[in-house]
Amino acid sequence: MTDTILKVKNVSHWFDSNRVLHNVNLDIKRGQVVALVGPSGCGKSTLLRAIVGTHPPLRGEITMRDRGEARLVTSPGRDRGIVYQRYSLFPHLTARENVAFGLMLDETGIPFRLFCRKAWKKLRKNHLEQAAEMLEKMKLGASLNKYPPEMSGGMCQRVAIAQALIMKPAALLLDEPFGALDEATREELQRILLTLYAENQTAREEGRDPPHTVVIVTHEINEAIFVSDRVVGLSQYWDWREAGETSCPGATIVYDKKAPVFSPDDERDFLSFRDQKDEILHAVFDPEFCQSYREYVALARTGSARKISNRSKR
Amino acid sequence: MIGKVGSKNANRVCALVSIAALLSFYTYLSHERHRKNPDDRTIPTWSQLWEGVVFLCQKPDTEETSGLLAAALEGTGLEGETEKHAGFLEGRILWEASKATLARLLGGLALGLAGGVLFGVLMGCFPLFDAGVSPVMYFASRIIPTAAMPIFFTLAGIELKMYLAMIAFGSMPIVTLTVSQYVREFPEELRYKAYTLGASHAEVITTAIFPHILPKVIDLAVLMIGPALVYLIAAEQIATGEGFGYRIRVLSRATRFEVVYPLIIILTVYAGAITCALKALQRFLCPWYLIGRR
Ligand SMILES: Nc1ncnc2c1ncn2[C@@H]1O[C@H](COP(=O)(O)OP(=O)(O)OP(=O)(O)O)[C@@H](O)[C@H]1O
Ligand SMILES: [Mg+2]
């Protein structure tokens, strides 16, 4: 049940002389909700793009294993859902059509849709029903037939999450999904992620595989700790001089610890995890602090957890 | 305040006032003209214009049109070629000219747009194809179709296919370049997203990119009506055959301006009607596009 779904191995990436990622190693297990934090421009999006497969890393490899063989990631595929901050929805489709879009693309092809019109019509009806159900779950039952420009930013992001989730992806990837939203809307959406984690818990209790594995990129540390059960810090501030480099070779993982788990209706109390926030600020965001990158990596990449502090069970 | 939108009725009144002003100015002009020279035909009175419209819509009187034709051909060196213009003597002028001109215009535009969208989408999607084709398209888009007209006449005669080819070649390079730009502006995030939802390359083009650029392509079609009409009318005025350009030339030579004015106005109305039809099509096919800019 703790099998690795996503494995990032020795990944480095650079743009000409701008070295962005250096030897990034990350194992993500089924059912984890991982928050990826780091200073602006450290390469969070670059790492996520590599995982999505749109921009494979220049060195190292990323593999996905969702039941069966591990597959090397070289291009985007339907096993990884993605939600971006902007352009999260197709503007020419209504909320419901946007959610049904993936079902259509996944289950049918152009010849089928062109030449088996009757069967396609029937299937389409079923897709739209599934999509409506999914949107009800996201509390968007009243906006099924709205186009993206008619919806607020928060509603659009909820539709986008539904659009990705309906595909039952092995990993759901989110790149600053709530970055453009106001604080109240942000909290609503954070609670949706907590719902996903709660569904994982229920599945675990019932002895099933947890259905959702999530990686969320954010620059908001409170958000990271609140929604995730594991916070990973990516930063260019580490002891690269000790590694014999004369200039920064790029960001690497300098922080990797469990985070407290909240249930969807828990109060959101930032004070309760202020210590961890300060620790992350220090370890990841402080340019003056260039200690060994292993210091705050509690969940070692091999999986043999070297726990420095365990704050997850409250 | 600047930019403040007025009420609907106020807008209508303003429009009516300016149209009324234009019409009264014309009435005054033709009245003055006819006071000085009662036989004037260059600025016809309203009753003369009405006669012109009737002339356009009625089956022609063979004698009258033969006279017209003789007057039109006089001094052009083509006096002996009346039989070439036999079409002039049959059928209602407006009906025949409309059929010919609209078939050429719509057919040529449809061909130019279809080719332009095909090439434009391919150029936008495949940079290598773009690298190969775009220099040719840039060059072709700079060619002035009316300058190349004699070549078209020589190669394809004066039949329908010549007009179609001319309008299609005249509009396709611009359409191609513009559409390829539209495709490049398609947000990469949406492209990636389509792939993560299981789309094939063909599906990314047909279900994500194409619907997204369709409303802009329709706007582009509206814009292309103007240039297409310029090429078409210029060609019709040179070639001998049927169509608005040809009728206008012949009737102007015979100083039948009471017929020429209605012809020009009807042609304008046609262009306006096509624009309205395309806009309606856009509203019908792409309701989302207008929501975004309300
Ligand atoms: N396509 C590109 N070409 C060249 N340089 C790039 C490209 N994409 C990103 N970079 C550079 O890579 C570095 C990391 O960028 P990235 O977008 O991954 O940062 P980020 O951590 O997501 O930042 P933010 O928090 O601002 O989103 C930056 O220095 C950026 O300038
Ligand atoms: Mg980013």
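The values are calculated or read from the model by the stated rules, or taken from the named source; none is laboratory data. What you see is a predicted model; the values in this text were computed from it and never measured. In this analysis, Cβ positions are derived from the backbone assuming ideal geometry, glycine residues included, and neighbour counts consider all displayed protein chains.
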Give A:Glu176, A:Glu188 a once-over and let me know the one that is within 16 Å of ligand 1 (Cβ to nearest atom), over 23 Å from A:Asp3 (Cα atoms), surrounded by fewer than 22 Cβ atoms within 10 Å (Cβ to Cβ) and acidic (Asp, Glu). A:Glu176
Give the residue that is nearest to the other protein chains (Cβ to nearest Cβ), with candidates limited to residues of segment B:136-184 that are surrounded by 12 or more Cβ atoms within 10 Å (Cβ to Cβ) and among the aromatic types (Phe, Trp, Tyr). B:Tyr182
Candidates B:Pro211, B:Pro187, B:Pro215, filtered to the one that is facing chain A (nearest Cβ under 7 Å) and in contact with a Cys (Cβ under 9 Å, 6 or more places away or on another chain): B:Pro211
Could you check how many residues of segment A:191-219 are within 16 Å of ligand 1 (Cβ to nearest atom) and either over 14 Å from the mean Cα position of the chain (by Cα) or buried (at least 23 other Cβ atoms within 10 Å of the Cβ) (or both)? 4
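Quick grid of which residues meet (1) surrounded by fewer than 18 Cβ atoms within 10 Å (Cβ to Cβ); (2) under 28 Å from B:Ala194 (Cβ atoms); (3) of a type outside the set (D, E, K, R); (4) within 16 Å of ligand 2 (Cβ to nearest atom):
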site: A:Ile5; (1), (2), (3), (4): no, yes, yes, no
site: A:Asp16; (1), (2), (3), (4): yes, no, no, no
site: A:Ile51; (1), (2), (3), (4): no, yes, yes, yes
site: A:Arg67; (1), (2), (3), (4): yes, yes, no, no
site: A:Leu72; (1), (2), (3), (4): yes, yes, yes, no
site: A:Ile82; (1), (2), (3), (4): no, yes, yes, yes
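Is it fair to say B:Val204 is surrounded by fewer than 19 Cβ atoms within 10 Å (Cβ to Cβ) and assigned to a helix (DSSP H, G or I)?
Numbers: surrounded by fewer than 19 Cβ atoms within 10 Å (Cβ to Cβ): no; assigned to a helix (DSSP H, G or I): yes.
No, not satisfied.
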How do the helices (runs of 4 or more DSSP H) wholly within segment A:95-150 filter down when requiring 1 or more residues that are within 14 Å of chain B (Cβ to nearest Cβ) and within 24 Å of the chain's Cα centre (by Cα): which remain? A:95-107, A:117-137
Restricting the search to segment A:131-173, which residues are without any contact (Cβ under 8 Å) to a residue 60 or more places away in the chain and either within 16 Å of ligand 1 (Cβ to nearest atom) or closer than 30 Å to A:Arg65 by Cβ (or both)? A:Ala131, A:Glu133, A:Met134, A:Lys137, A:Met138, A:Arg158, A:Lys168
I'm told A:Tyr87 meets every condition in (1) exposed (fewer than 13 other Cβ atoms within 10 Å of the Cβ); (2) at pLDDT below 90; (3) of a type outside the set (D, E, K, R) except one. Can you identify the failing condition by its number? (1)
Complete set of residues in segment A:137-175 that are farther than 25 Å from A:Thr63 by Cβ and within 16 Å of ligand 2 (Cβ to nearest atom): A:Gln157
Looking at the structure I just gave you, is A:Phe270 among the aromatic types (Phe, Trp, Tyr), farther than 22 Å from A:Asn23 by Cβ and surrounded by fewer than 22 Cβ atoms within 10 Å (Cβ to Cβ)? yes
Residue among B:Gly116, B:Gly120 that alone is under 23 Å from B:Leu223 (Cα atoms), modelled with pLDDT of 95 or more and under 20 Å from the mean Cα position of the chain (by Cα): B:Gly116
Given the structure, is A:Glu188 away from ligand 2 (no atom under 16 Å from the Cβ), away from chain B (no Cβ under 14 Å) and farther than 21 Å from A:Asp66 by Cα? yes
In segment B:263-294, residues that are assigned to a helix (DSSP H, G or I), at pLDDT 90 or above and either among the hydrophobic types (A, V, I, L, M, F, W, C) or buried (at least 21 other Cβ atoms within 10 Å of the Cβ) (or both) total 18
With the checklist (1) under 25 Å from A:His127 (Cβ atoms); (2) assigned to a loop (DSSP other than H, G, I, E, B); (3) more than 16 Å from ligand 2 (Cβ to nearest atom) in hand, flag the one item A:Ser88 doesn't pass. (3)
Residue in segment A:58-85 that is nearest to the chain's Cα centre (by Cα), counting only those that are assigned to a loop (DSSP other than H, G, I, E, B) and polar (S, T, N, Q): A:Gln85
Matching residues in segment A:31-57 (closer than 21 Å to A:Tyr296 by Cβ, part of a loop (DSSP other than H, G, I, E, B) and more than 9 Å from ligand 1 (Cβ to nearest atom)) number 1
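Residue-by-condition table, conditions (1) more than 16 Å from the chain's Cα centre (by Cα); (2) outside any helix (DSSP H, G or I); (3) polar (S, T, N, Q):
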{"site": "B:Thr178", "(1), (2), (3)": "yes, no, yes"}
{"site": "B:Tyr192", "(1), (2), (3)": "yes, no, no"}
{"site": "B:Phe210", "(1), (2), (3)": "yes, no, no"}
{"site": "B:Met224", "(1), (2), (3)": "no, no, no"}
{"site": "B:Leu229", "(1), (2), (3)": "no, no, no"}
{"site": "B:Leu232", "(1), (2), (3)": "no, no, no"}
{"site": "B:Gln237", "(1), (2), (3)": "no, no, yes"}
Pairs please, first residue from segment A:40-51 and away from every other protein chain (no Cβ under 12 Å) and within 17 Å of A:Gly77 (Cα to Cα), second anywhere and more than 7 Å from ligand 1 (Cβ to nearest atom) and assigned to a loop (DSSP other than H, G, I, E, B), Cβ atoms under 7 Å, 6+ apart in sequence or on different chains. A:Ala50/A:Pro56; A:Ala50/A:Pro57
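Would you pick out the residues in segment B:219-259 that are touching a residue at least 24 places away in the same chain (Cβ under 8 Å) and of a type in the set (Val, Ile, Thr)?
B:Val222, B:Ile225, B:Val230, B:Ile233, B:Ile238, B:Thr240, B:Val250, B:Thr255, B:Val259
Return yes when B:Arg256 is modelled with pLDDT of 95 or more and either under 30 Å from A:Leu172 (Cα atoms) or more than 14 Å from every other protein chain (Cβ to nearest Cβ) (or both) and no when it is not.
No, not satisfied.
Select from segment A:78-94 the residues that are more than 7 Å from chain B (Cβ to nearest Cβ) and not aliphatic (A, V, I, L, M) and list them in ascending order.
Of segment A:78-94, the ones more than 7 Å from chain B (Cβ to nearest Cβ) are A:79, A:83, A:85, A:88-89, A:93-94.
Selection gives A:Asp79, A:Gln85, A:Ser88, A:Thr94.
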